[in-house]
Amino acid sequence: MKYNGIILLAIMAFTLTFTSCSTKAKTSNGNTNSNAQQHNQDVSNVKSENDNVNTDVNNVMANMSAFGKTGSNQANYTICGATIDSTGATGPQPYFTINFDGVTVCPNPNRIRSGSIKVQLISGAHWSTAGAVALLTYTNYKVTYPALNNQFICFNGTKLLTDVSGINWLTYYLSGGLTATLRDRSYNMTVTFDNNQTSSWNCARLTTWTITNYTTITATVNGDTTIGGKTIDSWGQTRYGTKFTTQMLQPWQSGTTCGWWNPTQGQYTSVTDSFTVSALLGVNSSGTQVSSGCAYGYKLDWALTSGNYSGSVILPYW
């Protein structure tokens, strides 16, 4: 199981990168417009929790015979603060349900999860087969952050997760190299925030994992749809009831060379009816993106739609 662990550890590490950056941006500059700060936090948290779920789902499917696992030790994967109901894993379209206890504090970052997520293989003989598709159904999936004054986000709706390229474990075993691509699609996911605002969120994302020499891992994430000629990662409504669109200007990239918490490239802009928030990742202490080596941190810019209020700050990753 060495190879499964490497891919899945990479997915979880990337998730932590996005959350770590957004939290420091929120607390490091008191002059940033509060709504712009909060929206940047929301974009980060929604994306991070989607990635966290992908990690859990991918791990379970990789270890269940109904989804293509062979050999012994079937269904032996555990999820922090959750139980796995696999009674539906014997049908022609196998499924399982992850039930979260709403009590356990899970780390990185600390959060408490409740509700359930049903995962059903709706296309493909096995999850590792190229083109296999899983349907994820969220029912009151609530994530609470104790360190952020118990702020929470709650998901209801569905999304599709596609194994685009398939995973060739034999090639990895023989050469130490592997490339795997996952496509994430969610339309009209209902997201409820701690201010009781309920919004509709959509995402279109493509993630490619590359392993060389068995241990060097790089993750590259980009938006996966085009709206108005722009590469879009997510869109919908903010917690304030206004529209937003997040454009990926440069794919997000991080890996084991510089550390998952230190992206070497990436740029995105989230535009709302009231303000714009932009982030440039992988910069030096002067705010210029590095062309080689490891970066100092990232640059955050914001501007209000009305008036002349704007600002920027350069923040270290640590």
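Please treat every number below as a calculation from the coordinates, not as lab data. Owing to the predicted nature of the structure, the values given are computational and were not obtained by experimental measurement. Virtual Cβ from ideal backbone geometry, glycine too; neighbours counted across all protein chains shown.
Structure data summary
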item: Among the listed pairs K47/K299; K47/K230; K142/K299, those beyond 28 Å (Cα-Cα); result: K142/K299
item: Isotropic mean projected area of the C-alpha convex hull, segment 215-254 (nm²); result: 3.9
item: Segment 295-318 residues near the modelled T288 label - backbone nitrogen below 15 Å, point 7 Å along Cα→Cβ; result: 295-297
item: Linear extension gain, S165 paired with L135, 0.36 nm per residue minus alpha-carbon span; result: 9.0 nm
item: Paramagnetic reach from Y187 (point 7 Å along Cα→Cβ, amide N under 18 Å) across segment 95-132; result: 122-123
item: Fully extended contour minus Cα-Cα distance, from N110 to Q93, at 0.36 nm per residue; result: 2.7 nm
item: Pairwise FRET efficiency - T257 versus A147, Cβ, R0 = 25 Å, nearest 0.05; result: 0.30
item: Spin-label model distance (nm) - N308 vs Q197, 7 Å beyond Cα toward Cβ; result: 2.8
item: Spin-label pair Y173/N156, simplified geometry with 7 Å Cα→Cβ offset, distance in nm; result: 4.6
item: Cα centroid separation, segment 245-260 to segment 87-115 (Å); result: 27
